[in-house]
1. Checking the structure you have, find out if any residue of region 48-66 is touching a strand residue (DSSP E or B) at 6+ places or on another chain (Cβ under 6 Å), farther than 12 Å from residue 27 by Cβ and either at pLDDT 95 or above or not in a helix (DSSP H, G or I) (or both).
2. Please find, among 138, 109, 102, 184, the residue that is in contact (Cβ under 8 Å) with a residue 12 or more places away in the chain and farther than 17 Å from residue 75 by Cα.
3. In region 171-192, which residue that is open to solvent by less than 100 Å² (accessible area, probe 1.4 Å) and assigned to a loop (DSSP other than H, G, I, E, B) is farthest from residue 137 (Cα to Cα)?
4. Looking at region 200-207, is at least one residue free of Cβ contacts under 8 Å to residues at least 40 places away in the same chain and closer than 27 Å to residue 91 by Cα?
5. In the set 78, 85, 106, 89, which member is of a type in the set (Val, Ile, Thr), touching a Gly at 6+ places or on another chain (Cβ under 9 Å), open to solvent by 10 Å² or more (accessible area, probe 1.4 Å) and in a strand (DSSP E or B)?
6. Out of contact with any His (no Cβ under 9 Å at 6 or more places or on another chain) and either buried (at least 20 other Cβ atoms within 10 Å of the Cβ) or not hydroxyl-bearing (Ser, Thr, Tyr) (or both): which single residue out of 146, 128 fits that description?
7. Mind checking which pairs have a first residue in region 27-55 that is within 18 Å of residue 84 (Cα to Cα) and open to solvent by 70 Å² or more (accessible area, probe 1.4 Å) and a second that is among the β-branched types (Val, Ile, Thr) and in a helix (DSSP H, G or I), Cβ under 8 Å, 6 or more apart or different chains?
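The values are calculated or read from the model by the stated rules, or taken from the named source; none is laboratory data. If you're wondering where the values come from, they're calculated on a predicted model, not measured in any experiment. Positions of Cβ are generated from backbone atoms using ideal geometry, with glycine treated the same way; all protein chains shown enter the neighbour counts. For the accessible areas, the whole protein counts, side chains as well, though only heavy atoms, and no ligand, DNA or RNA atoms are used. Shrake-Rupley method; radii C 1.70, N 1.55, O 1.52, S 1.80 Å.
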Amino acid sequence: MTAASLLKQTARSGVQPVDISRHLGDLAHLMEVCFSAEMDASGRALVSEMRFLSHFGPLLSVLGPLGLDQQAWGLGHVWVESGRVVGSVSTRRAAPRSTAWLIANVAVLPEYRRRGIALAMMQASLDFIRRQRGRQVLLQVDDDHFGATELYRQLGFARVTTQTAWVRPAGTAAPAHLPAPFDLRLRAPHEWADQFALAQTVRPAGLA
């Protein structure tokens with residue numbers, strides 16, 4: 001069954017703008033299911049906070065003027081199936097008044113994949129960004145997520161840069177410090193500005 005045919009089933013089903021007063025609890029579950037493998041302590045804390053805030057329901061609408069919905073990626077779109085959020089795409093400006101936008105948390109529950117849901121949500125989010133006069137859209141995807149990479153290619157995204165993440169399993173001993181032709185050490189507190197300047201140089205605008 002395709003996303004186009006699913007849209008016609010019921011008025012409650014299909015792609016729609018995210019509403020944190022109604023969708024926050026389902027979004028927490030979606031993030032936990034789809035990103036559990038790479039979720040760190042801060043990610044788990046965010047999911048817990050989302051679940052807690054979801055109990056406030058319509059009262060969350062008053063947080064909009066405070067900017068909470070923007071900080072928590074409250075813009076974007078969800079796919080609702082029989083009153084339940086089964087997919088989401090989050091988006092926000094890269095910076096205030098910027099024409100560059102960021103997309104993140106593209107997720108669909110496993111049992112609803114391969115139906116065109118991610119494509120429909122991405123198209124709706126890109127249309128929203130165009131209406132906001134956005135000129136550039138940035139996102140990150142792992143190289144081994146072949147389905148997502150192909151989806152973004154079909155939508156016109158192009159590779160800007162590649163970043164490598166080195167991970168040492170928890171509980172393993174740190175390797176011995178070996179002689180090297182460069183100075184390898186922990187950053188001193190006063191060197192944060194140099195590190196931030198490096199991040200701005202090697203990463204696309206909005207991802208630094």
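1. So far as region 48-66 goes, no, none of its residues is touching a strand residue (DSSP E or B) at 6+ places or on another chain (Cβ under 6 Å), farther than 12 Å from residue 27 by Cβ and either at pLDDT 95 or above or not in a helix (DSSP H, G or I) (or both).
2. The unique qualifying residue is 109.
3. 176
4. yes
5. Exactly one residue qualifies, and that residue is 106.
6. Residue meeting the stated conditions: 146.
7. Cβ pairs passing all conditions: 32/47.
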